[in-house]
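Following: one structure in C-alpha cells, then a few remarks.
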Amino acid sequence: MPTILAIESTCDETAAAVVVDGRDVRSNVVATQVELHAKYRGVVPEIASRAHIENILPVLEESLASAACGLADLDAIAVAHRPGLVGSLLVGVTAAKSLAWSLGKPLIAVDHVHAHLYSVLLDSDLDPQMPAVGMVCSGGHTALYDIRAWDDVTLIGSTIDDAVGEAYDKVAAILGLAYPGGPVIDKLAAEGDPKAVPFPRTYLNRESLDFSFSGLKTAVLYHVRGVPGQNKPGATMTDRHLRDVCASFQAACVDVITRKLRRALTQTGGKSVIIGGGVSANGGLRAALARFDVPVYFPKLAYCTDNAAMSAGLADVHYRAGRFASLDLDAITYSSFAR
Ligand code: KG4
Ligand code: ZN
C-alpha cells in the first residue's frame, strides 16, 4: 500500500496531495492563484512562479497535516515535471527533489496531462475497460489518446490552435464575463437555447482527430461586435441573448468533442472513454456523454481542474513498475506525448 506525496505547480495552482494505493486520496490541497491573474484574463508566468514560491511550503505542510501523515510515512515523492510554464514547474521540481534527497526516498516524475487522464480513478473503485479513448480538455490542452494500459498511452489527436478551455476563457472575455470563463459560461448556457445561434463546428478533414477552436471563437466575436467591413452591427446583448450565445457556443464545443470521440473509438477499437481536465467539469459535456455509445468515465469534480492527487495516483503506477527519477530531473515545458 504505497503512500505517495505529490506536488503540482505546472501552471497557476500550487498543490500537494497524499494518496494511498493510487486511489485513496488522504489529502488534496490546492492554492489557487485565480485572483492574481483575473485582471490580466490569463496566467502571467512571472506572477505564477512567484506565487508558487510563496505557497509551496504552507501547501505541503497542510497536505501532510490534513492526511495525518508524517514525512516518515511516505514511500515516495512525486512531482508533475511536465508540461507547463518553466518558472512554475521549477518550483515544484526543486521542492520535490529537495524532499526526496533529504528524506532518502524515491523521486517519481509524472506527466501532468497523463495524470489528468488517471484522475478518473481517484476515490473510485471503477476499472475502465481497455483499450480506452482518452481525452484531456483543459485551458492548455485539448487532445485525444489511445490508452492500452495506464502506462501505455499514445497521442492520436490534438488542437492545432486554441485549447477548448482557452476558447471558453476568451469567449467569456468577449461577452464581458468573469475569468476563468468555463464555469460562468457553463452556468449561463444551462438557461439558454443551444440552437439560437448557428455557430460553426470545425471537424477538419473526414478522418482527422485534431481540433480547431479559433474559428468558433472568432464567430462569437463577430456575432457580438459585428463583422468588420460589412457595416452589420453586432447583436444586442439582452440577458436572454447572452444566455443563448453561451448555450450556442457550448453546443458547438460539445458537438465537436462528441463527434471526434466517436471517430477515435472507431479508429482505435476503444471500449470506453476516459475524460479529464478542467473542461471535463462542464455540465453540457457531461449531459451529452451520459447517453454515449460506450461507458464514459469522468473525474469527480474536485479532480477535474489542476490538482496533485492525480499525480500522486499516477505515481503509484510508476512506483509499482519501479520507474524512479534521478535527482537531476528537469522541468520540461512540453508533454511526453507531444508530436
Ligand atoms: O485543467 P485546468 O485546471 O488547467 C489546465 O491544465 O489548463 O483547466 C482550466 C480550464 C479553464 O480554461 C477553465 O475555463 C476551464 O478549464 N473550465 C471549464 C469548466 N470549469 C473549468 N470549462 C467549461 N466548463 C466548466 N464547467
Ligand atoms: Zn491541467
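The values are calculated or read from the model by the stated rules, or taken from the named source; none is laboratory data. Just so it is clear, the model here is predicted, and its values are computed rather than measured. Note that we place each Cβ from the backbone using ideal geometry, even for glycine, and neighbour counts take in every protein chain shown. With ligands, DNA and RNA removed, areas are computed over all heavy atoms of the protein, side chains included. Shrake-Rupley method; radii C 1.70, N 1.55, O 1.52, S 1.80 Å.
Things to note:
- Evaluation of Leu117 against the conditions (1) of a type outside the set (Ser, Thr, Tyr); (2) assigned to a strand (DSSP E or B); (3) touching a strand residue (DSSP E or B) at 6+ places or on another chain (Cβ under 7 Å) shows that the sole unmet condition is (2).
- Qualifying residue in the stretch 75-85 (condition: in a helix (DSSP H, G or I) and either under 21 Å from the mean Cα position of the chain (by Cα) or outside the structural domain of Gly277 (by TED's automatic domain parsing) (or both)): no
- The set of residues in the stretch 149-183 being of a type in the set (Asp, Glu), over 19 Å from Ser248 (Cα atoms) and near ligand 1 (Cβ under 10 Å from one of its atoms) is empty.
- Entirely in the stretch 217-330, the helices (runs of 4 or more DSSP H) that have 1 or more residues that are buried (at least 24 other Cβ atoms within 10 Å of the Cβ) and in contact (Cβ under 8 Å) with a residue 12 or more places away in the chain: 239-268, 309-321
- Taking the conditions (1) more than 18 Å from Gly140 (Cα to Cα); (2) assigned to a loop (DSSP other than H, G, I, E, B) in turn, Asn55 satisfies each one other than (2).
- Any hit, the stretch 103-124, residues being among the charged types (D, E, K, R) and without any contact (Cβ under 8 Å) to a residue 40 or more places away in the chain: yes
- Residue match in the stretch 92-110 (condition: at pLDDT 95 or above and either within 23 Å of Gly269 (Cβ to Cβ) or not assigned by TED's automatic domain parsing to the domain that holds Gly313 (or both)): no
- Close pairs (6 angstrom Cβ cut-off, 6 or more residues apart or separate chains): modelled with pLDDT of 95 or more in the stretch 180-194, part of a loop (DSSP other than H, G, I, E, B) and more than 16 Å from ligand 2 (Cβ to nearest atom) anywhere: Val184/Leu177; Val184/Ala178
- Only one of Phe292, Phe249, Phe324, Phe337 that is at pLDDT below 95 and over 19 Å from the mean Cα position of the chain (by Cα): Phe292
- Scanning the stretch 130-177 for residues that are assigned to a strand (DSSP E or B) and among the hydroxyl-bearing types (Ser, Thr, Tyr) yields Thr142, Tyr145, Thr154, Ser158, Thr159.
- Applying the set (1) within 12 Å of ligand 2 (Cβ to nearest atom); (2) under 24 Å from Leu265 (Cβ atoms) to Gly139 leaves exactly one unmet item: (2).
- Selection count where residues are among the acidic types (Asp, Glu) and open to solvent by less than 40 Å² (accessible area, probe 1.4 Å), scope the stretch 21-35: 0
- Of all residues in the stretch 100-148 being open to solvent by 30 Å² or more (accessible area, probe 1.4 Å) and polar (S, T, N, Q), the one that is nearest to ligand 1 (Cβ to nearest atom): Gln129
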